[in-house]
Structures are given as structure tokens and as C-alpha cells.
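Here the structure comes first, spelled out in C-alpha cells, and everything after it is commentary.
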Amino acid sequence: MIDCGNSVQYTKKIHMAFLLRFLLFISFISFVLIFCNAHGFINLQYSHIEIAIPAVMFLIFSQAFIMFYFIGVARMVENVQGVLNSEKQDNLKELFDNPPKDLTPYLKKMNRFIYQSKMSKRQTIPWTALILLLGIIGFLLGGAHHTGMVDKTVHSGVIYGFLGAFLIGFLRQWFYLGKTHQLLREIKALFMIPDNSM
């Protein structure tokens, strides 16, 4: 019988949530450096415009990666619940070697996991979209200001909004990446899925 307890054994392996936290941190720090360079707080070899080009590309990559991680985990949890709700022996063999007769403990836990995965998605994806939108618009307005098409205050205003959204989004994404990582570990422990599999 599979243990339905809350105990989860942790091993020292690199997990997706830690990789995404690393990407998120690098992206956030790069924009802090750009901000400091643009205001003259630090003097780097390159101008803030030159640093912004790869930073925006990396922002798009890292935020898209984080967004699809939360979407993917929520979808996986829904699929597992769908298998349990089907109660077909062939489907249940995807989760159990010997399917138990009483699935109630598993269904109760999966209901909690569904709620947690949806909460993580709701709390992060809108901020991800806002970060991407403001970051790209701010970058384009920077180019427009450089060519004299818009005033500096327009570019600066959008960038300040972007940095504010990125700070809030950074904190939410960091927190919910940890929560979602724990959720995945609990699901794997519940169904005795190997720790290195998704």
C-alpha cells in the first residue's frame, strides 16, 4: 500500500524550480544593473542600451519558461486527478502497480493539489504577462527616445512601471516556484514516482 502521509524525502539534486529561480534572479539583477548604469550609479564598459538588448531577450526566455512551468504543473495535476476519477483499471495502472480498491485518500489529496496548482498559476501568470508587456514596451520606447521620436519621460515612466511590476512579480514567482516544487515532490511521493522524473 502506498503511504499517503505528508512525509517527503528530499535529495540533493538540481530541480527545475531551482533552475528557474536562478534564471529569474539573473534576469532581475541584470535590470537592476541596467537601471544603475543608466542613472550613473555605476560605470560599466557598455552603455545601458547595449546591455538592455540581451537583457530583454533573456527576460522573454526566462519569463516564458517560468510561465510554462506553472501551466505544465497545473495540467499534470489535472491529468492525475482525471485518471483517478476515471476509476478504470487500465488508466489507474499509469499511477499504481496494483491499484487500490479505495481511492478516497488519493482523491482528497489531489483536490488539495489541484487547488494549490491553480493558486500558483493565478498568482504568477498575470504578473509574468505584465512584466513581459512593460519590459518590451519600455525597450521599444527606449529605441524611440534614442531616435528622438518620444520624450525621455515616456520611456522612463514605462521603465519605472516595469521595474515595480518586476519586483512584485519576482517575489511572487520566487515564492510560488518553491511551493510548486514542494507540491510536485508530494505528488511523486504519493504515487511512488521516481524523484528525477516529471
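Return yes when residue 173 is part of a helix (DSSP H, G or I) and open to solvent by less than 70 Å² (accessible area, probe 1.4 Å) and no when it is not.
The answer is yes for residue 173.
Among the residues that make up segment 109-119, is at least one of them in contact with a Pro (Cβ under 9 Å, 6 or more places away or on another chain), touching a residue at least 40 places away in the same chain (Cβ under 8 Å) and either of a type in the set (Lys, Arg) or over 26 Å from residue 26 (Cα atoms) (or both)?
no
If residue 40 meets every condition in (1) buried (at least 16 other Cβ atoms within 10 Å of the Cβ); (2) free of Cβ contacts under 8 Å to residues at least 60 places away in the same chain apart from one, which number is that one?
Exception for residue 40: condition (1).
Select from segment 64-101 the residues that are of a type in the set (Gly, Ala, Ser) and touching a Lys or Arg at 6+ places or on another chain (Cβ under 9 Å) and list them in ascending order.
Selection gives 74 alone.
Taking the residues in segment 103-126 that are under 21 Å from the mean Cα position of the chain (by Cα) and basic (Lys, Arg) as candidates, determine which candidate is most open to solvent (accessible area, probe 1.4 Å).
If we take residues in segment 103-126 being under 21 Å from the mean Cα position of the chain (by Cα) and basic (Lys, Arg), then 122 is most open to solvent (accessible area, probe 1.4 Å).
The values are calculated or read from the model by the stated rules, or taken from the named source; none is laboratory data. Values in this document were obtained by computation on a predicted structure and should not be read as measured data. Cβ coordinates were reconstructed from backbone atoms using ideal geometry, including for glycine residues, and neighbour counts include every protein chain displayed. The area values use the complete protein model at the heavy-atom level, side chains included, leaving out ligands, DNA and RNA. Shrake-Rupley method; radii C 1.70, N 1.55, O 1.52, S 1.80 Å.
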